[in-house]
Amino acid sequence: IPSEKDTVEGYIARLDALIRAPGTHVYIDTSFLVWLTALGCEARNEFTGWLRAVAAGRAHVPVWAAHEYLRHHMGDLHGKKLKGIETALNDLANNTFNDLRPYIDTSFTGDSRSPAEIIAATRSVLIDVKRVAAIAGRWTKQHYDSNSKAIIEFINECGLPSAPMLDWMGDIQSVEEARFEGRIPPGFQDRNKSGANGGGANSFGDLMFWKEILHHAGQRRARGVVVISNDGKNDWVMGGLDQPELDAELKVIASKLPPIPRPQPMLEYEAKASAGVQELMLVDRKYLAICLRRTGVPSDRFFGSAIDVTIPSPDREDEAIRKRARDQATGRNSVV
C-alpha cells in the first residue's frame with residue numbers, strides 16, 4: 001500500500017522507463033480504443049507511431065477488449081452519442097434565445113453595448129452553437145468509417161494470440177461473485193451493471209480482460225505490465241488519492257487533473273503472485289499525453305485531444321487575448 005504522495009514528474013519518469021523496458025508488455029483497454037476512434041488521423045498516428053517505436057512487439061489488444069470494441073462498433077456507439085449531442089445543442093440554442101430574449105432588450109452596467117448589439121451578439125453566439133451541432137451531426141457520416149477501419153486494423157495488428165477464455169466462461173459467474181463479494185478488483189463496481197432489455201450487462205468484462213492480461217503476462221514472463229485505459233473507477237485505480245500539484249505549463253492548460261492513476265493494491269498483488277509481474281502501472285489518456293509531451297515525442301495533436309481544456313471565464317479570456325497582443329507587440333512568445 002503506497003504511503004508517500006506521488007508527483008506528476010515522478011510518475012511520468014517511471015511510466016516512460018517501464019514502457020521502454022524490454023521485459024514490459026503494454027495492454028490496451030476497450031475504453032481507450034473507443035476514445036481513440038474519435039481522434040483525427042494526425043493525433044491517432046502520433047500515438048500509434050510512438051507505441052510502435054517504444055514497444056514494438058510488446059503492445060497488445062486482449063481478445064476481450066477487441067470483442068467489446070466490435071460490440072460498440074456494431075451498436076453505433078459514436079453515432080448515437082453524437083446524435084444526442086446534436087439534438088441537445090440545437091435544443092439549447094432554440095430554448096435559450098426564446099427564454100432569454102425579453103431579458104436582454106436593455107442595457108447593462110459594465111457593458112458598453114447597446115440593447116440591439118447585445119441581442120445581435122446573443123443570436124450570433126447561439127447560431128454558432130447550432131453550427132457546432134451540425135459538425136457533430138456530420139462527423140459520423142464523414143469520418144467514422146475511416147477512423148474505425150484504422151482502429152480495427154490496429155486491433156488486428158496487436159491482437160493477442162488465443163487465450164482459454166471459453167474455458168474461463170464455465171465458472172466465471174461463481175468467480176465473479178466471490179471476488180465481487182470481497183471487493184477484489186477489477187470489476188466490482190460493475191456488479192450492478194445492467195444491459196438493454198435486461199441482457200448484455202457484461203458485468204464480468206473487466207475481470208475477463210484482467211484474466212487475459214495475467215495469462216499472457218505469465219506466459220511471456222513479463223517483468224512489467226502497463227494497462228492503457230480510460231477507466232478511472234476505484235476497482236482499477238486506488239481511491240482516496242489527492243489531485244496532483246500542477247506546474248506552470250499544466251496550470252495554463254487545465255485547472256486540474258484527476259489523481260495519478262495508481263493501481264489498486266490488490267491488482268499489484270495478484271499480478272505478482274499469479275504472473276510474476278514485478279511492476280504494474282495504469283495510465284489514462286491525460287497522463288499518457290503528458291508523458292509523450294514531457295519525453296519529447298511529437299504529440300501536439302494527441303495532447304490537444306487528450307487534455308480537457310477548461311473553458312475560461314470571459315474576463316480571463318479577454319485578459320489572455322490582451323496578453324497575446326502585448327507579447328506579439330514586444331516580440332515575446334506567450335504560453336497563454
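The values are calculated or read from the model by the stated rules, or taken from the named source; none is laboratory data. The structure displayed is predicted, hence computed values, not measured ones. In this analysis, Cβ positions are derived from the backbone assuming ideal geometry, glycine residues included, and neighbour counts consider all displayed protein chains. SASA here: full protein model, heavy atoms, side chains in, ligands and nucleic acids out. Shrake-Rupley method; radii C 1.70, N 1.55, O 1.52, S 1.80 Å.
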Would you please list the contacts, defined by Cβ atoms under 8 Å and residues six or more apart or on different chains, that run from a residue in the stretch 166-185 that is open to solvent by 80 Å² or more (accessible area, probe 1.4 Å) to a residue that is charged (D, E, K, R) and not in a helix (DSSP H, G or I)?
R183/D235
What residue, among those in the stretch 237-266 that are in contact with a helix residue (DSSP H, G or I) (Cβ under 7 Å, 6 or more places away or on another chain) and among the hydrophobic types (A, V, I, L, M, F, W, C), is most open to solvent (accessible area, probe 1.4 Å)?
M238
When restricted to N156, N147, the only residue part of a helix (DSSP H, G or I), open to solvent by 80 Å² or more (accessible area, probe 1.4 Å) and within 18 Å of E68 (Cα to Cα) is N156
Restricting to the stretch 245-303, what's the tally of residues that are of a type in the set (V, I, T) and touching a Phe, Trp or Tyr at 6+ places or on another chain (Cβ under 6 Å)?
2
From the residues in the stretch 267-291 that are free of Cβ contacts under 8 Å to residues at least 24 places away in the same chain and more than 21 Å from the chain's Cα centre (by Cα), which one is most open to solvent (accessible area, probe 1.4 Å)?
Y269
Residue check: is T37 open to solvent by less than 10 Å² (accessible area, probe 1.4 Å) and either among the charged types (D, E, K, R) or within 19 Å of the chain's Cα centre (by Cα) (or both)?
yes
Considering only the stretch 38-67, state which residues are polar (S, T, N, Q) and touching a residue at least 40 places away in the same chain (Cβ under 8 Å).
T48
Restricting attention to the stretch 145-172, report how many residues are β-branched (V, I, T) and at pLDDT below 95.
1
Yes or no: E279 modelled with pLDDT under 90 and at negative phi?
no
I184 - would you say it is part of a helix (DSSP H, G or I) and within 27 Å of the chain's Cα centre (by Cα)?
no
